[in-house]
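Worksheet: one structure, shown below.
Here, each number is a calculation from the coordinates, and none is a lab measurement. Here the structure is a predicted model, which is why all the values come from computation and not from measurement.
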Amino acid sequence: MAAMLPSSVALHIFLMRSSTVLSFISIAASLLLGGCVPAPSVAVFGAAFPDWLFCIVVGVLGAGIVHVVLGKRGKRALLAPLAISYPALCALLAMAFWLLFFPH
């Protein structure tokens, strides 16, 4: 014979299950509605390019400019581990460009 749960415990289990179902439904709905926004893009000569592509190009060019300027001043050693500092500088410049010129 199965043991009977007190009504308060049964109510608690029911509420936990229903809140889990409601949470799942709301998360699924938000994921489906998130696809309704068009992708951020820039039209160049009739072709649409994503915004992040321009940001990466600006980041790479900016890091190259910083490299040249630091080289001419003899301060390239300031960015000691180059394999870490230049990608970080590129990412920093790309994200700054995104925040300044693509406010979505």
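Read phi for every residue in the range 81-93 and hand back ³J(HN,Hα) as whole Hz from Karplus 6.51 cos²θ - 1.76 cosθ + 1.60, θ = phi - 60°, with x for Gly and Pro.
x, 4, 5, 9, 6, 6, x, 5, 5, 4, 5, 4, 5
If you bin every alpha carbon distance in the range 37-83 into 10 Å steps from zero, what whole percent lands in each bin?
Distribution as computed: 23, 33, 20, 19, 5 percent.
Output wanted: per-residue J couplings in Hz (rounded whole) for the range 51-65, from phi through Karplus 6.51 cos²θ - 1.76 cosθ + 1.60, θ = phi - 60°, x for Gly and Pro.
Running phi through 6.51 cos²θ - 1.76 cosθ + 1.60 with θ = phi - 60° gives 4, 5, 5, 5, 5, 5, 4, 5, x, 5, 5, x, 5, x, 5 Hz.
Could you pull out every residue, at least 5 positions away or on a different chain, whose amide H is within less than 5 Å of the one on Val42? Hs are placed 1.01 Å off N in the peptide plane, and Pro or chain starts have none.
Here Phe49, Asp51 satisfy the definition.
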